[in-house]
1. What pairs can you find where one residue is in region 5-16 and among the small types (Gly, Ala, Ser), the other is surrounded by 10 or more Cβ atoms within 10 Å (Cβ to Cβ) and not in a helix (DSSP H, G or I), and their Cβ atoms are less than 8 Å apart, with a gap of 6+ or different chains?
2. Considering each of 63, 30 in turn, give the residue that is among the acidic types (Asp, Glu) and surrounded by 10 or more Cβ atoms within 10 Å (Cβ to Cβ).
3. What tally of residues in region 87-100 results from selecting those that are surrounded by 10 or more Cβ atoms within 10 Å (Cβ to Cβ) and among the hydrophobic types (A, V, I, L, M, F, W, C)?
4. When region 70-85 is examined, which residues are found to be at pLDDT 70 or above and surrounded by 10 or more Cβ atoms within 10 Å (Cβ to Cβ)?
5. Which of the residues belonging to region 22-40 are outside any loop (DSSP other than H, G, I, E, B) and not β-branched (Val, Ile, Thr)?
Amino acid sequence: MRDLIDERDFREKCARSIVKNYNVHYMTKEEVEEQQIEKAKEIVEDAKYGVIKEIVGQTEQQEHAAAADKQEKMDPVTEEQIRKILGEREEQLEETIEANKQ
């Protein structure tokens, strides 16, 4: 997608360069009109897709928030329990390593 800076740079480059006939594409009025119609269709489709994308994004955010709330309500695990479980795992790992060394 081109922005205003790109277009400005292109105009400046064209103003300073020598135009070669093989770089020029002559278009008929019909071709220009067809191109404009295609661009208009793309803009309409992008607008429709953008609206749909926003709606889907909002729905996903709401679903994600609802799932997070549900998980918080259902998850009784505390940090102390997590540390206890991880501590037990470390102890088991150390015991296994020592047993393999012998």
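The values are calculated or read from the model by the stated rules, or taken from the named source; none is laboratory data. What you see is a predicted model; the values in this text were computed from it and never measured. Glycine gets a Cβ as well: all are built from the backbone with ideal geometry, and neighbour counts include every protein chain shown.
1. Matching pairs, first to second residue: none at all.
2. 63
3. 1
4. Scanning region 70-85 gives 81, 82, 83, 84, 85.
5. Matches in region 22-40: 22, 23, 29, 30, 31, 33, 34, 35, 36, 38, 39, 40.
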